[in-house]
Every structure is written in C-alpha cells, then in structure tokens.
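Structure record follows, encoded as structure tokens.
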Amino acid sequence: MSSPAAPLRRVARSGTSVVVLVVVLVCCSCMGCGGPPADGSNGQGGDGNDSSATTPEAPQVTLEVTPTSGQAPLDVAVVARATDGDGQIASVQLDWGDETAAFEGAAFPATLSHTYAVAGSYAVTATATDNDALEGTAVAAIQVSAAPSPAQLGVSPLAVDLGTDDTTASFSISNDGDEELTWSCSESESWLTIAPITGTNAGQVTVTVDRSDLDAGATEGTVTVQSSGGNATVTVTVSRDPGGLDVVID
C-alpha cells in the first residue's frame, strides 16, 4: 500500500518560493490498516506458529519383582509405580503372564503378590494409561524351575535264593527321586545277618545265612527295608540238604 501524498510547503526566502516535499512513511500495522508486514510475519514475532503447543507424554512405569527365579511353587512380590508428567493416570493393569487373571484398577497397590505353581518362563507386564489415552509399560522376567521330586525307594531283586550251597547274596537299594533317601534294614530270622543296616540314597546290602540250626529242606526269611521314600520286603530262601544232617536213632 502506497503512503499518503506528501504536503507542500511554501517558504519565502529572499523573495524566492521554495517547494519542500516532505515524505512521510507510515507503517500500515501501526495505522491499524490490517495489512501484513513486509517481512511476511504475523506481526507478533516468531515464525507464525504457536510455540505453547506440546506433544502429550506417555506415563512412566517402573516394576520390581522379588525373587525373579526359584522352584515351583514360587511366591513373588511385585512393586509397580506409574507417573505422568503432563496429566493423570487413568487406569493400571498388571499381567502375571501365566494366564491367570490380571490385576486392574485406578492405581497400583503398594505391593502385589502372586504364586507360580508350574515351572516355566514368565513375563510380568505392568501397564498404565493416562487421561490422553497414552500407555506406558514395564516388563520383568521370571524363571520358575521344577520342584524336586520326593525320594522314592527302589530295591532289586525282591527275592534271593541261596540254594543249598551259597551263604551270601545281595540286593541293591536305589533312589528314584530327587530328594535325599534315608533307609534302614532289619531281618526276620536269627539265621539271617545283613550289612549294612542303614544308608543314604543308593547302596548295596549283603545277606549272610547260617544253616547250622535249620531243618532239612527250604526255609524262608525276610529282610524289611524302611525308608523316607517307601518300604520294601526282600524274601530270602535257603535250603539244607538232608544228607548233611545227623540221624539220631532211639
């Protein structure tokens, strides 16, 4: 927009007329004409954008799990926290990762607890949603190992036969579980001797027989094994040849 025409003045000087042209530049923005400044700005400084506008921030979530590993059943304690720098937390959720029901609420409690009954690898996930519908998450890994199986007694063989000649035989004791097995043995007859009579986990027991007081033919006795993983009975058979006996005639 052009400036208004400059006014003319006449100045009398020594009888000579002098025309003085006065040019007045007027800023349209100062006059309120509404036109944009020559530099293309909005007249308010800056680049024309509203610098006060900011991008909403998602919530910040932290997660602490104790312990993070162990044998099933594993009890864990969880501390989850959620903050939002430019708004408010609207809802929270804690997923245990084992297909059990997740915790949901308006805020995390001071402490949450959970039991993992089955061995496996799990991911605990804490999620917070703010009033702008933005989400923040935190994840913690948990490793659960299988619980040890209880002690289980194994005995082999469950029957021994020494015939008419052998005086010793043996049987084996084993532990078919993970926990410690303690055992002890006892015999049913005085002609039976066993060694050792106690032990832990695997072992071998020797049976010795004394035929001197036995009648002719076959005789049976037993060895009982009692343990922390069950009980078992071993049958011992021994024979005596009638030809070796003294015959008394009245």
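Each value in this text was obtained by applying a stated rule to the coordinates, not by laboratory testing. The structure displayed is predicted, hence computed values, not measured ones. As a convention, Cβ positions derive from the backbone with ideal geometry for all residues, glycine included, and neighbour counts pool all protein chains shown.
Side notes on the structure shown:
- Gyration tensor over alpha-carbon atoms, the stretch 94-150, equivalent ellipsoid semi-axes in Å: 28, 11, 8
- Only Lys, Arg (+1) and Asp, Glu (-1) charged, at Cβ; the stretch 153-242 dipole about Cα centre in debye: 40 debye
- With all projection directions averaged, the alpha carbon convex hull of the stretch 140-208 covers 5.5 nm².
- Positive-pole candidate from Thr167, Ser188, Thr224, dipole of the stretch 145-250, charges at beta carbon: Thr224
- Selection of GluC sites (Glu not before Pro), the stretch 71-174, meeting DSSP coil and at most 15 other Cβ within 10 Å: Glu99
- Pairwise centroid distance, computed over Cα atoms, of the stretch 200-245 with the stretch 99-153, Å: 57 Å
- Peptides 70-79, 180-189 ranked from most to least packed by the mean count of surrounding Cβ atoms within 10 Å: 180-189, 70-79.
- Segment Asp213-Asp166, length gained on full extension (0.36 nm per residue, minus Cα span): 15.3 nm
- In this structure, the amide hydrogen of Asp86, modeled 1.01 Å from its nitrogen in the peptide plane, lies closer than 5 angstrom to those of Glu57, counting only residues at least 5 positions away or on a different chain.
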